[in-house]
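First the structure, in the form of structure tokens, and then the observations on it.
Just so you know, all these numbers are worked out from the coordinates, no wet-lab data involved. Small disclaimer: the values here were computed from a predicted structure and weren't measured.
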Amino acid sequence: ARCQCKLVPRERRNCGYPGISAAECRKAGCCFNASVPGVPWCFAPKPRKVRKVCPNESYGRINCGFPGITAKECERKGCCFRAHPAGVPWCFYHRVVEE
């Protein structure tokens, strides 16, 4: 994402080799900006900011437990627990979303 490439020049960590093209740099998953001399032009992006959320929609739940699992057992496994609606997993995995 473009926002991951917004780094001040002094924070850039080299991600390429001398003479790397913008296309090759981006193909490697790196950022390219040749506007500032004396710093890496091909550099590592900022890490993505992600967080885990328990999905609200019941149809998207992926089972993380077993029939009869308690909320405490489910949460101990690091999963979400919602005892409704019927017919869908009550213990289910988080979804990772980008901030």
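Of everything listed in (1) under 26 Å from Val97 (Cα atoms); (2) among the aliphatic types (A, V, I, L, M); (3) more than 21 Å from the chain's Cα centre (by Cα), the single unmet condition for Ala22 is (1). Within the range 1-52, the set of residues being part of a helix (DSSP H, G or I) and either under 29 Å from His94 (Cα atoms) or small (Gly, Ala, Ser) (or both) comprises Arg2, Cys3, Gln4, Cys5, Ala22, Ala23.
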